[in-house]
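First comes the structure, then the notes that go with it.
The values are calculated or read from the model by the stated rules, or taken from the named source; none is laboratory data. Everything numeric here is computed off the predicted structure, so don't read it as measured data. When we count neighbours, we look across all protein chains shown, and the Cβ atoms used for this are built from the backbone with ideal geometry, even at glycine. Side chains included, ligands, DNA and RNA excluded: accessible areas come from the protein's heavy atoms. Shrake-Rupley method; radii C 1.70, N 1.55, O 1.52, S 1.80 Å.
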Amino acid sequence: MSFRVVRQSKFRHIFGSNLKREQCYDNIRVSKSSWDSTFCCVNPKFVAVIVESGGGGAFLVFPLSKIGRMTPEVPLVAGHKGPVLDISWCPHNDNVIASASEDCTVKVWQIPDEGVTRTMTDSIVSLAKHQRRVGLVLWHPSAQNILLSAGSDNNVVIWNVGTGQALLSFVLPDLVYSGCWNWDGSEVLFTCKDRKIRRVDPRTGEIEEEAVAHEGNKAARAIYLKNGLVFTTGFTKHSERQYSLRAPGHLDDPIVMVELDTSNGVMFPLYDPDANLIYLCGKGDSVIRYFEITPEPPFVHYINTFQTPDPQRGIGMMSKRGCDVSICEISRFYRLNNNGFCQVIPFVVPRKSELFQEDLYPDTLADVPAISAEEWFDGTNADPILVPVTEHGVQTKKTETIAAPQPNILNRSKVIGTSGGNEPHSAQPAAAVASSAPQVDVKKLTMAVMQEVHNQVEDLMDKQKGKIDELSAEIRKLKAMIVKHESRIRTLENRNKELEASSQNNNGGLDDEMDPDEV
């Protein structure tokens, strides 16, 4: 009998590969800022990169199809008066991006479908409340138009981009290094300069739990996993890099704490909630390590390491909506080098069959919000909307099957109403963002998703029918073999009993023939 000693997982064999240079992007002047940011953000339409620019801050936005070498005169998004520190694409509209800058403002931009054709200086929303530089912007995962920003003034602000208003502002004890919403957007996780991680209620600003993340003084980062656990990266007292897995309510007692190496670059954990995979990418590293999170010990399973010759300056991860399912691609990275080269690295699970591999693609995040900003701030929580992945890709675009058409951009009076107190050009904005995230017909969406699931189940049954018949025949053979072996075992047992009885009788006859005084 053979025993399996290898861990069973469909993601145990994941391989990254470099695309050819002519399929990548080149001549990008990546920002030289010392702020710990990925400097790159991608979605199924565009790539955005924070770049060096004179006279203020700027970032570059170009369509995925615009491969090759960038010209020196490439148009930028350049409305900030100071260097841009962080950018983030809206998860519910692929044309909307938020940027944070050293000029103490957060701006939201509407990017045309064809990309930036001339330098943009006018944002659709300008949000000003921070007193010092802003280093972090995060969109809410399921509520429309909710944006979080954190600055060096230790202030965290929750914005309603649709109206240009600050819904809440609260102060944390120290400088914020990173932040992450949980799966339904009811909590935010922060790592701060005082080495602590904090769970915070974003509607009240109340700190629900805090604990020391890592003993080292260098920057730590933390993310929420889909199952509610917390994954962190940081440093030991001796500047050794390590990662940990923790449970909310027991943040001070890690489930797993593992040391990796002695490099000094901050590690960015990039998370794929569909496959429960985590990719660790360190600034200045030439490797990407990836792990699978499972419910069984050791909980964080190391899979492999992707090696490249050049150190990385920044990195962006494509969502599942932008992956090529025809080649079993489960993730794709856009890796920035110091020489201005943006390397495209698809990660693939190799399969012999050319058919669509349903088991690799569970339902993934849609590009429509689950609730409105007002509903969320009033206390409603909602998981992000999930839609099936088909052989034609992820059907999540805002079509008639998912959401109503986007309304036209409204004027200031319709958008802002009586809120007042906003900058003249920061009101018009909100309209574009509000219009870009329409209300969802939940009943219609549910019916569409259920129909898609039903169709997929039927297709799966047809494809697996032959395999089921083969398995049934194999089971019948095994049953017959088991019956045969049981009959043989009974025969051998009876024969063994007969031999034992015969042996006992023979021994008894010898004893009777011996005299009492015989030895």
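Mind checking which residues of region 36-52 are part of a loop (DSSP other than H, G, I, E, B) and under 19 Å from GLY265 (Cβ atoms)? Step through it out loud before you land on a result.
Applying the first criterion (part of a loop (DSSP other than H, G, I, E, B)) to region 36-52 yields 36-39, 43-45, 52.
Residues satisfying the conditions are ASP36, SER37, THR38, PHE39.
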Going through ASP261, ASP324, ASP272 one at a time, which residue ends up being of a type in the set (Asp, Glu), more than 30 Å from ILE67 (Cα to Cα) and out of contact with any Leu (no Cβ under 6 Å at 6 or more places or on another chain)?
ASP261
Could you check VAL258 against (1) surrounded by fewer than 16 Cβ atoms within 10 Å (Cβ to Cβ); (2) assigned to a strand (DSSP E or B); (3) touching a Lys or Arg at 6+ places or on another chain (Cβ under 7 Å) and say which number it fails?
(3)
Being hydrophobic (A, V, I, L, M, F, W, C) and under 16 Å from ALA150 (Cα atoms) is the filter; apply it to region 205-222 and report the residue that is most open to solvent (accessible area, probe 1.4 Å).
ILE207
Can you give me the number of residues within region 351-381 that are touching a Pro at 6+ places or on another chain (Cβ under 9 Å), surrounded by 17 or more Cβ atoms within 10 Å (Cβ to Cβ) and part of a loop (DSSP other than H, G, I, E, B)?
6
Please name all residue pairs, on different chains or six or more residues apart, with Cβ atoms under 7 Å, provided the first residue is in region 269-293 and is closer than 20 Å to ALA247 by Cα and in contact (Cβ under 8 Å) with a residue 24 or more places away in the chain and the second residue is assigned to a loop (DSSP other than H, G, I, E, B) and among the aliphatic types (A, V, I, L, M).
TYR271/LEU225; ILE293/LEU225
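How about region 150-208: which strands (runs of 3 or more DSSP E) wholly inside it have at least 3 residues that are under 30 Å from SER239 (Cα atoms) and out of contact with any helix residue (DSSP H, G or I) (no Cβ under 8 Å at 6 or more places or on another chain)?
Working: elements: 155-160, 165-171, 176-181, 188-192, 196-200.
It comes to 176-181, 188-192, 196-200.
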Need pairs with beta-carbon distance below 9 Å; first residue closer than 15 Å to VAL61 by Cβ and within region 119-139, second in a loop (DSSP other than H, G, I, E, B) and open to solvent by 10 Å² or more (accessible area, probe 1.4 Å); sequence gap 6+ or separate chains.
THR119/PRO75; THR119/LEU76; MET120/PRO75; MET120/LEU76; ILE124/ILE409
Kindly indicate the residue of region 333-345 that is open to solvent by 10 Å² or more (accessible area, probe 1.4 Å) and touching a residue at least 60 places away in the same chain (Cβ under 8 Å) and also farthest from LYS66 (Cα to Cα) among those meeting that condition.
ASN338
Residues that are open to solvent by 20 Å² or more (accessible area, probe 1.4 Å) and touching a helix residue (DSSP H, G or I) at 6+ places or on another chain (Cβ under 8 Å), drawn from region 268-310
ASP274
Quick one: is VAL61 outside any loop (DSSP other than H, G, I, E, B), closer than 30 Å to CYS192 by Cβ, in contact (Cβ under 8 Å) with a residue 40 or more places away in the chain and out of contact with any Lys or Arg (no Cβ under 9 Å at 6 or more places or on another chain)?
no
Return the residues of region 118-138 that are closer than 10 Å to VAL77 by Cα and open to solvent by 30 Å² or more (accessible area, probe 1.4 Å); say none if nothing qualifies.
ARG118, THR119, MET120, THR121, ASP122
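Yes/no matrix, rows are residues, columns are (1) closer than 30 Å to MET70 by Cβ; (2) open to solvent by less than 20 Å² (accessible area, probe 1.4 Å); (3) free of Cβ contacts under 8 Å to residues at least 60 places away in the same chain:
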| residue | (1), (2), (3) |
| --- | --- |
| ALA143 | no, yes, no |
| ASN160 | no, yes, no |
| LEU175 | no, no, yes |
| TRP183 | no, no, no |
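Is it true that VAL30 is open to solvent by less than 30 Å² (accessible area, probe 1.4 Å) and either more than 23 Å from LEU280 (Cβ to Cβ) or out of contact with any Lys or Arg (no Cβ under 7 Å at 6 or more places or on another chain) (or both)?
Working: open to solvent by less than 30 Å² (accessible area, probe 1.4 Å): yes; either more than 23 Å from LEU280 (Cβ to Cβ) or out of contact with any Lys or Arg (no Cβ under 7 Å at 6 or more places or on another chain) (or both): no.
So VAL30 does not fit the description; no.
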Looking at the structure I just gave you, is ALA98 outside any loop (DSSP other than H, G, I, E, B), touching a residue at least 40 places away in the same chain (Cβ under 8 Å) and open to solvent by 30 Å² or more (accessible area, probe 1.4 Å)?
no
Take region 64-81 and flag every residue that is open to solvent by 10 Å² or more (accessible area, probe 1.4 Å), touching a strand residue (DSSP E or B) at 6+ places or on another chain (Cβ under 9 Å) and in contact (Cβ under 8 Å) with a residue 40 or more places away in the chain.
LEU64, LYS66, ILE67, GLY68, ARG69, PRO75, LEU76, ALA78, GLY79
Quick check on region 42-62: of everything there that is open to solvent by 30 Å² or more (accessible area, probe 1.4 Å) and at pLDDT 90 or above, which residue is nearest to LEU136 (Cα to Cα)?
GLU52
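Being part of a strand (DSSP E or B) and either more than 30 Å from TYR302 (Cβ to Cβ) or touching a residue at least 40 places away in the same chain (Cβ under 8 Å) (or both) is the requirement here; does PHE11 meet it?
Values: part of a strand (DSSP E or B): no; either more than 30 Å from TYR302 (Cβ to Cβ) or touching a residue at least 40 places away in the same chain (Cβ under 8 Å) (or both): yes.
Here the answer is no, as PHE11 does not meet what is asked.
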